[in-house]
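See structure below.
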Amino acid sequence: MSKIAEVVLPLPVDKSFSYSVPEALADKLQVGVRVEVPFGKRRITGYVIKTQKSRSLQVQKLKDIIRVIDQEQLITDEVMKLCRWVSSYYICPLGKVLQSALPVKESFRFQDSEPEPVRDTKLKTTEFFLPTPEQKQALELIQDCIDKQKHCVVLLEGPHNSGKTEVYLQAIAHTLDRGKKVLVLVPEISLTSVLLEKFRRRFVRERIVVFHSGLRQKEHDLLWNRIRKGDTDIVIGTRSAVFSPVKNLGLIVIDGEENPSFKEEKEPRYHAREVAIERARISSALLVLESCAPSVESHYRALKGKYKLCRLSDIPGLEINPGVEIVDRKEKDKGQDENRSKIFSSVLLNGIRARLEAKERVLLFLNRRGFARLFLCRNCGKSIYCPNCEAPLSFHQPGFLLCHHCNYRRNPPQACPSCNSTDFWHYGIGTQQVCAEVKKLFPDASVERFDTDIFREERLPQVLKDFNAGKIDILVGTQMVAGEDISGVSLLGVLLADMMLNIPDFRSAEQTFQILMKLIQSLGGEKRCTGSGQMPGVVIQTYNPNHYIFQALKQGGYEFFFREEMRFRRRLRYPPFSHLCSITISGRNESGCAGIAEEIIETLKKEKEKEQLRKIEILGPMPAPIPKIRGKYKYEIMLKGRKTGLDRMARILHQQFSGRTHQKISVDIDPVRIF
Ligand SMILES: [Zn+2]
Ligand SMILES: [Zn+2]
């Protein structure tokens, strides 16, 4: 009898290959190790996913494994199960999933890591905690889940000062007390150090590591080794840490679960939240999703009873109620005494003036996302709408308007169809432009930007420090400020809220709401009573003041937002009422891309004739929202329908087109756009 190994390779083929195992390697070979194998004329590193014995003469025809790379199992059984799930759900070859889940280089070897020195144990591990009745209830529910060691998902939602973090810190302590390990996922690398500091203060005896793809190779391998050996208690990481080889896992926490950064943009295009749900299921662990404005999907699942819902409100005395004023920017509705500034309303200007006089700080927020696509009448505030869909058209070079749902296109109108005005917002505004105007209006104030330019100059930490120290009066920030540790803002001004809202994606309202909600929650801003009335702490300028997200922000209500958003999603059959699958065709030759896109559409339409696939909607092909990146053209086809149907279509696509064309065809299940 000879031994056969089933090996998957990091190639775009969705199958495993059989190799025979030479006698000399038979002892070393096991499931979950890397092996070097011949493939065509090359030698490739692959992963063993199965071994078996065979008498068959077929074995003689198989090629031999060249060598076994790992002395021990590299892929734990749990992580292997998880990767199989990712491969099947996201329709990505298992070899590719394993390659990205194991970010260890060829050179990686198992090593004995130095045990972390015993830490000072004189400090106590838990601080005094007197929970509110609400927190107590949430904590009891969570602790009960941990004790039962059954898979369970809890959505922990509530405003900034509701003590959510304290509740999950208690949950972590409870898990550690029972001898289990903890994994904490955060959306950005920059947040790991903030959390680490907080955790170190709290869990003085425990071994805590920060683990993400931004670490240097040597350090990364060392930590990976330690985690695998069980030499850590708490792992804090970004989305890729969901694959880290934590053993005896009792609890996963996702901090800010609504954040789009949890979605991986490269193959395999997984969402760390969905993978964490599966991971918790495999490990019979508890998953806690934390958020101040949860994703529509998560909140919906909680209401449906798939998750347990723990909702906290502000701790009495710590409520954030800065007073939100929505300012209508439509030219036609401006009063006589309104100034003519294109960027600032009088309400905001007066606010800034008053805060500067009081030596207080102002943050002006401008979401750059959607900058290039904005096309909107400045007089009546209306966008130009697609005659077939409910969607606003977006602007594209060299100068046409496009519907991203049905590919309808037209020239920009000379005059607004609603009010006949010829005054359009064509492009949004940029931070530089805002800074220049602020300096002109307030020559004595010190003004600084917080955007990608400053990031490239590596000046962000300094700017942040200066602002928090009061050396900067007015900070003009993009979405990069959300999540940063900014303090002492007494006025938050949101300049052109419509830019992000008009992005051609069904999640644009949700993402705009979440980012503004988070800013308001974490910065506060202060409502003031002055002689002439109330002065708001937050001023939002928009051409669409009746949009439900602004109404929701004004009343501080997630519920209100959720209800309206669900109405919109149900009407147009968007998630959570369907799944989406985006197919992108990219290449250097534009007509080549368009041709393949048409061919794919024809193939899929033929498939659609079949019984179970009739309800699937096929949209496109159309230029992708960003149609050309780094010299490559991108076309997009969107499928909408049930997951099983989408899977079948995507697999047919793989079978018929993969490896056949010069163009790259990629499939994204449950796409999340980050513009
Ligand atoms: Zn108009
Ligand atoms: Zn349309």
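For the reader, a short list of remarks on this structure follows.
- Environment charge of GLN663, counting only residues whose C-beta is closer than 13 Å and scoring Lys/Arg +1, Asp/Glu -1: +1
- Alpha-carbon spread of the chain, three principal axes, descending order, Å: 93, 70, 47
- Cα gyration tensor category, rounded, prolate or oblate, for the range 520-675 with a/c compared to 1.5: prolate
- Working note: Debye formula, equal point scatterers on the alpha-carbon atoms of the range 133-311, no solvent; log10 I(q)/I(0) at q = 0.17 Å⁻¹ is -1.07.
- Rolling a 1.4 Å probe over the protein heavy atoms gives the chain an accessible area of 46 Å² per residue.
- Three-way shape call for the range 579-669 based on the alpha-carbon gyration tensor, with the a/c threshold at 1.5: prolate
- Taking the DSSP beta bridges with both ends in the range 133-311, the antiparallel portion is around 5 percent.
- Given +1 at the Cβ of Lys and Arg, -1 at the Cβ of Asp and Glu and no other charges, the dipole of the chain around its Cα centre is 2000 debye to the nearest 20.
- The H on the amide N of ARG368, modeled in the peptide plane, is under 5 Å from the matching H of GLN479, each at least 5 residues off or on a different chain.
- Comparing PRO576, PRO623, THR603 along the charge dipole axis of the range 576-623, the residue lying farthest to the positive side is PRO576, per the Cβ-charge model.
- The share of accessible area on the chain that comes from carbon and sulfur is 48 percent, using a 1.4 angstrom probe.
- A simple rule links phi to the HN-Hα coupling: the Karplus curve 6.51 cos²θ - 1.76 cosθ + 1.60 with θ = phi - 60°, which for the range 273-289 gives 5, 5, 5, 5, 4, 5, 4, 5, 5, 4, 8, 6, 10, 9, 10, 10, 9 Hz, with x for Gly and Pro.
- Long-range amide H partners of GLN149 with built H, under 5 Å: none
- Theoretical FRET efficiency, 1/(1+(r/R0)^6), r = Cβ-Cβ of LEU303 and LYS610, R0 35 Å, to 0.05: 0.55
- For the range 374-508, the antiparallel share of DSSP beta bridges with both residues in that region comes to about 70%.
- Lysine pairs within the range 423-575, Cα separation less than 22 Å, 8 or more sequence positions apart or different chains: 7
- Potential extension, GLU140-ARG570 segment - 0.36 nm per residue separation minus Cα distance: 151.3 nm
- Rounded tilt (10° steps) of 590-608 against the dominant C-alpha axis of the chain: 70
- Here the peptides 373-383, 60-70, 146-156, 508-518 are ranked by packing, the mean other Cβ count within 10 Å, and the order with the highest first is 508-518, 373-383, 146-156, 60-70.
- Among the listed pairs LYS229/LYS306; LYS610/LYS664; LYS229/LYS263; LYS41/LYS96; LYS96/LYS634; LYS229/LYS266, those beyond 25 Å (Cα-Cα): LYS229/LYS306; LYS610/LYS664; LYS229/LYS263; LYS229/LYS266
- In sequence order, calculated HN-Hα J values of the range 422-436 (Karplus, 6.51, -1.76, 1.60; Hz; x Gly/Pro): 10, 9, 10, 7, 10, 6, x, 10, x, 5, 4, 4, 5, 4, 4
- Around the amide H of PHE39, modelled in the peptide plane, lie the amide H atoms of ILE44, all under 5 Å away and 5 or more residues distant in sequence or on another chain.
- Shape of the range 287-425, Cα gyration tensor, a/c cut at 1.5: oblate
- Gain in span if fully extended, THR644 to ASP444, counting 0.36 nm per residue against the direct Cα distance: 65.8 nm
- Beta bridge orientation in the chain: antiparallel %, DSSP, nearest 5: 50
- Model label zone, ILE189; criterion: amide N under 18 Å from point 7 Å along Cα-to-beta-carbon; scope the range 80-111: 100-105
- ³J(HN,Hα), Karplus 6.51/-1.76/1.60, whole Hz, each residue of the range 479-496, x for Gly, Pro: 4, 5, 6, 5, x, 6, 8, 10, 10, x, 7, 9, 9, 10, x, 9, 7, 10
- The range 375-426: relative contact order in percent, alpha carbon pairs under 8 Å with at least 6 residues between: 39
- Cross-link partners of LYS28 among lysines (Cα-Cα below 16 Å; sequence separation of 8 or more within a chain): LYS3, LYS50, LYS53
- Rounded to 0.05, the FRET efficiency of the ARG205 and PHE455 pair, given R0 = 25 Å and the Cβ-Cβ distance, is 0.10.
The values are calculated or read from the model by the stated rules, or taken from the named source; none is laboratory data. Predicted model, so just to flag it, every value in this text is computed and none were measured. No Cβ is skipped: glycine too gets one built from the backbone with ideal geometry, and neighbour counts run over all protein chains shown. Side chains included, ligands, DNA and RNA excluded: accessible areas come from the protein's heavy atoms. Shrake-Rupley method; radii C 1.70, N 1.55, O 1.52, S 1.80 Å.
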